[in-house]
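Undergrad: Once you've had a glance at the structure underneath, I'll fire off some questions.
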Amino acid sequence: MFDVERVREDFPILSSEVHGRPLVYFDNSATSQKPRCVIEAVTDLYTNHNSNIHRGVHELSGRCSAAYEDARSKVRGFINAPRDEEVIFTRGTTESINLVAQSFASAYLERGDEVIVTDMEHHSNIVPWQMACERSGASLRSMPFDDDGNLETHLLEEMLNPRTRMVAVSHVSNVLGTVNPVKDIASLAHEHDVPLLVDAAQSAPHMKVDVQDIDCDFLAFSGHKVHAETGIGVLYGKSEWLEDMPPYQGGGGMVGIVKMGGTTYAEPPLKFEAGTPNYVGAVSLSAALDYIASLGMENVAKHEAVLTEHMLESLAGFEGLTLYGNAPLRCPVFSFNLDGIHHYDAGQILDKMGIAVRTGTHCAEPLMDHYGITGNVRASLAMYNTVEEIDILAEGLRKVQGLFA
Amino acid sequence: MDIVEIQNEIVAEFSVLDDWFDVYEHLIELGRGLDALSPEHRTEDNAIPGCQSNVWLRMGMENGTLKLEADSDALITRGILSLLLRVMDGTRPEEIMDSELFFLDETGLSTNLSPSRSDGVKNIINTIMGFVRNHK
């Protein structure tokens, strides 16, 4: 049984006040709040165990190394990856995608090749590919979406061709909340022997993400969006790719033998983890995944479905409000504009009422271009949000309208 | 009125406002009163980077004083721009250079504005000051 009030008690920040009002935190797509167990795991590590990992001869180093590798196993379980070695720790989704874009591109991308993304991607799944294409002489193509926020996947069939080297798609749109049919996209791409990278930054906090079920070749997500610390992220990659791809960065920890005449590299995942990794972040991620598991992701999803329904009902009847995206399958991310009111003005007033939303382009300018807007207001919810908070937002929006009337 | 008197007037004007709601209401009202910049001047050259809303500044010199026009697509930002215009438009560059810009702090606007907006205001002021320095 999912008791949202009890869940809220696990997150110290949620009982705080902002501008004298109880905090309504609706900026979860940007970053999520941390439960006490995550905060305590970090404190405990620094208080009792801290030491650099791997190759350490002493007790503390052994403990931290074990905790780091244990976190890797936990992530493997979280995304149902076949092997621990297929889980690479990074700084976050952005670095994960950059790792693939750079390493994959240097091995397989040539002049005249093509990479396919979509018009609804976050900039972090566009710009790394633009950079890779620029370096290699490949070109970037983009799959459009309709006004409801559904990818026009029927176009993918004709976009895929013998020069396509990669398809990179977000699992869930960070603006529209659309859950994209990544499983279908994977099977279509694979029919053409093209690998698929899935940006799971916005899906991992809300739903069971199963890399074997999707059958993606790469998948990236961020720790801080699943209630862990910032600065830790994950890249899953199928072994066949990771073994073949060249390292992304050079340094300690990623080598076999180093001679001035040449160096051999460690096997994955260490090949892609140069330098001291963020082992504290990994431990925080481990604690966060334990926390989610203790609640049950299916219970989280059920609670969030109730929130989604309530939000859609509340926004549907809202006069003078344009909601962007109306996909049948969605996560609790809602973006909208109030007629005649700049999103930044609206966000500013909501902030004064203790309601934290995000305004602007949400790092998705091509998506904004689709709707012909310069930005919008985004309310993104998480497992600890409540129906009452949605009503507070609706009330806040009415006040904003009143102020600008 | 000189630049100090104008600022004192603004500070007095805001001091009677009871809470943030009234402050924003007033800014919105000021924003509505600001003359729009004609579309041909809403250019990339006139745009101020680092603002979350679009902000355009058109600056020139007229009879030895600063001629300042400004616009934004956000109303609250327009309100702030109208205050900056009140203080700086038609003022001699030397006077701007020699005076302190205190009204944002003393009205409480700099703390009331969100950090990103106050960064944006800083960019606007820096742009104006850069122009003024080159034209004193």
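Undergrad: Quick one: Cα centre-to-centre distance for segment A:1-43 and segment B:61-79, in angstrom?
TA: Cα centres, segment A:1-43 to segment B:61-79: 42 Å.
Undergrad: Using unit Cβ charges (K, R positive; D, E negative) and no other charged atoms, how large, in debye to the nearest 20, is the dipole of the protein assembly as shown about its Cα centre?
TA: I would put it at about 1400 debye.
Undergrad: Right, next: Using the alpha carbon gyration tensor of segment B:75-127, what are the three equivalent-ellipsoid semi-axes (square root of 5 times each eigenvalue), largest first, in whole Å?
TA: On the way: eigenvalues 76, 28, 22 Å².
With the √(5λ) rule applied to segment B:75-127, the semi-axes are 19, 12, 10 Å.
Undergrad: Using alpha carbons only, how many degrees (0 to 90, rounded to 10) separate the axis of helix A:127-136 from the longest principal axis of chain A?
TA: The two axes meet at around 40 degrees.
Undergrad: Rule-of-thumb check for segment A:55-126: C-alpha Rg over 2.2 N^0.38 Å?
TA: Working: Rg = 16.9 Å, N = 72, 2.2 N^0.38 = 11.2 Å.
Normalised Rg, Cα atoms only: 1.51.
Undergrad: Enumerate the calculated ³J(HN,Hα) couplings along segment A:232-249 in order (Karplus 6.51 cos²θ - 1.76 cosθ + 1.60, θ = phi - 60°), each rounded to whole Hz, writing x wherever the residue is Gly or Pro.
TA: So the J values, rounded to whole Hz, are 10, x, 9, 10, 9, x, 5, 3, 4, 7, 4, 5, 8, 6, x, x, 8, 10.
Undergrad: Next up: What does the charge add up to near residue A:63, with Lys and Arg as +1, Asp and Glu as -1, over the other residues with Cβ less than 13 Å from its Cβ? All intermediate terms of the calculation are to be shown ahead of the outcome.
TA: Working: positive: none; negative: A:44, A:59, A:69, A:70.
Cβ neighbours under 13 Å give a net charge of -4.
Undergrad: Then there is this: Counting each DSSP H run of 4 or more residues in chain A as -39500 (n - 2.57), what helix-only mean residue ellipticity at 222 nm follows after dividing by all residues, to the nearest 500 deg cm²/dmol? Intermediate values should be presented prior to the final figure.
TA: Details: 14 runs with 158 residues, N = 405.
Rounded to the nearest 500, the figure is -12000 deg cm²/dmol.
Undergrad: Name the residue, out of A:222, A:170, A:73, whose mean-square fluctuation peaks in a Gaussian network model built on chain A with Cα pairs under 10 Å.
TA: So, out of A:222, A:170, A:73, the one fluctuating most is A:73.
Undergrad: What would the Debye equation give as log₁₀ I(q)/I(0) for segment A:291-405 at q = 0.17, 0.21 Å⁻¹, counting only Cα atoms as equal point scatterers?
TA: For segment A:291-405 at q = 0.17, 0.21 Å⁻¹, log10 I(q)/I(0) is -0.85, -1.22.
Undergrad: What number in nm² do you get for segment A:26-73 if you take the convex hull of its Cα atoms and divide its surface by four? Intermediate results must be reported in sequence, preceding the final value.
TA: On the way: hull surface 17.9 nm².
Over every viewing direction, the Cα hull of segment A:26-73 projects on average to 4.5 nm².
Undergrad: Mark the label point 7 Å from the Cα of residue A:127 along Cα→Cβ and return the residues of segment A:359-394 whose backbone N is within less than 12 Å of it.
TA: From segment A:359-394, the list is A:363-365.
Undergrad: Now, a different point. Roughly speaking, what is the centre-to-centre gap between segment A:354-390 and segment A:254-300 when only Cα atoms are used, to the nearest Å?
TA: Here the two parts' Cα centres lie 31 Å apart.
Undergrad: Now for a different question. Collect residues whose amide H, placed 1.01 Å from N in the peptide plane, falls under 5 Å from the amide H of residue A:142; neighbours closer than 5 in sequence don't count.
TA: A:117
Undergrad: Related question: Return the long-range amide H neighbours of residue A:90 (sequence gap of 5 or more, or a different chain), with a cut-off of under 5 Å between placed amide H atoms.
TA: Placed amide hydrogens put A:233, A:234, A:235 under 5 Å from residue A:90.
Undergrad: Right, another one. Within 13 Å, Cβ to Cβ, of residue A:254, how many net charges do the neighbouring residues add up to if Lys/Arg are +1 and Asp/Glu are -1?
TA: Working: positive: A:55, A:271; negative: A:267, A:273.
Neighbourhood net charge equals 0.
Undergrad: Rounded to the nearest 5, what % of the DSSP beta bridges within chain A are antiparallel ones? Please list the in-between numbers first.
TA: Details: 28 of 46 bridges.
Approximately 60 percent, going by the DSSP bridge assignments.
Undergrad: Would you mind getting me the FRET efficiency between residue B:18 and residue B:102? Use the beta-carbon distance for r and R0 = 22 Å, nearest 0.05.
TA: Details: r = 22 Å, r/R0 = 1.00.
After rounding, the FRET efficiency stands at 0.50.
Undergrad: Separate question: Which of A:381, B:37 has the fewest other C-beta atoms within 10 Å, and how do the rest follow up to the most? Show your work: numbers first, answer last.
TA: Values: A:381 28, B:37 18.
So the residues, fewest neighbours to most, are B:37, A:381.
Undergrad: Taking amide hydrogens as modeled 1.01 Å from N in the peptide plane, which residues meet the under 5 Å criterion relative to residue A:149, leaving out close sequence neighbours?
TA: Residues meeting the amide H criterion: A:326.
Undergrad: Where in segment A:375-405 does the label zone of residue A:319 land, with the point 7 angstrom along Cα→C-beta and an amide N cut-off under 16 Å?
TA: Within reach of a label on residue A:319: A:395, A:397-405.
Undergrad: Step through the residues of segment A:154-164 one at a time and calculate ³J(HN,Hα) from phi using the Karplus curve (6.51 cos²θ - 1.76 cosθ + 1.60, θ = phi - 60°), rounding each to whole Hz and writing x for Gly and Pro.
TA: Going residue by residue, I get 4, 7, 4, 3, 7, 6, 5, 8, x, 9, 6 Hz, with x marking Gly and Pro.
Undergrad: Also: Using only Cα atoms, what Kirkwood radius does segment A:39-293 have, in angstroms? Numbers along the way, then the final one.
TA: Values: mean 1/r = 0.0534 Å⁻¹.
18.7 Å is the Kirkwood radius here.
Undergrad: Pairs of Cα atoms under 8 Å, at least six residues apart: use those to get the relative contact order of chain A, whole percent.
TA: Details: 807 pairs, mean separation 92.0, N = 405.
23 percent.
Undergrad: If you rank B:42, A:6 by fewest surrounding Cβ atoms within 10 Å, what's the result?
TA: On the way: B:42 17, A:6 11.
The most exposed by this proxy come first: A:6, B:42.
Undergrad: Can you work out the FRET efficiency for the pair residue A:17 and residue B:40, with r the C-beta to C-beta distance and R0 = 45 Å, to the nearest 0.05? Spell out each step's value before the answer.
TA: On the way: r = 47 Å, r/R0 = 1.04.
Computed FRET efficiency for residue A:17 and residue B:40: 0.45.
Undergrad: I've got another one for you. Dividing the alpha-carbon radius of gyration of chain B by 2.2 N^0.38 Å (N being the number of residues), what value is obtained?
TA: Rg over 2.2 N^0.38 Å, computed on Cα atoms: 0.99.
Undergrad: May I pose another question? For segment A:106-244, take N as its residue count and report Rg(C-alpha) divided by 2.2 N^0.38 Å. If you can, show how the numbers build up before the last one.
TA: Details: Rg = 14.4 Å, N = 139, 2.2 N^0.38 = 14.3 Å.
For segment A:106-244, the normalised Cα radius of gyration comes out at 1.01.
Undergrad: Helix-derived [θ] at 222 nm for chain B: sum -39500 (n - 2.57) over DSSP H runs of at least 4, divide by residue count, nearest 500? Walk me through the intermediate numbers first.
TA: Working: 7 runs with 75 residues, N = 136.
After summing the helix terms and dividing by the residues of chain B, the value is -16500 deg cm²/dmol.
Undergrad: What ranking of A:306, A:400 emerges when the number of other C-beta atoms within 10 Å of each C-beta is taken as an exposure proxy, fewest first?
TA: On the way: A:306 14, A:400 23.
Ascending number of Cβ neighbours within 10 Å: A:306, A:400.
Undergrad: Continuing with this model, one more query. Would you compute, for the Cα atoms of segment A:272-355, the largest minus smallest coordinate along each principal axis and list the three values in descending order, in whole Å?
TA: Sorted from largest, the Cα extents of segment A:272-355 read 51, 30, 27 Å.
Undergrad: Sticking with this structure for a sec: For a distance above 39 Å, tell me the whole-number percent of Cα pairs in the protein assembly as shown that qualify. Each step should come with its number before you reach the end.
TA: Values: 53532 of 146070 pairs.
It works out to 37 percent of all Cα pairs.
Undergrad: For segment A:290-298, what does the Karplus curve 6.51 cos²θ - 1.76 cosθ + 1.60, with θ = phi - 60°, yield as ³J(HN,Hα) per residue in whole Hz, taken in order and with x for Gly and Pro?
TA: 4, 4, 4, 4, 5, 7, x, 4, 5
Undergrad: Hey, what angle do you get for helix A:343-352 against the long axis of chain A, alpha-carbon based, 0 to 90 degrees rounded to 10?
TA: The angle comes out at about 80 degrees.
Undergrad: Oh, and also: Extension gain residue A:192-residue A:58, at 0.36 nm per residue separation less the Cα-Cα distance, in nm?
TA: Working: separation 134, 0.36 × 134 = 48.24 nm, distance 5.04 nm.
Taking 0.36 nm per residue and subtracting the Cα distance, the gain is 43.2 nm.
We did not get these values from a lab; they are worked out from the coordinates using the rules stated. This one's a predicted model, so the numbers in the text were calculated from it and none came from an experiment. We place every Cβ from the backbone using ideal geometry, glycine too, and count neighbours over all the protein chains shown.
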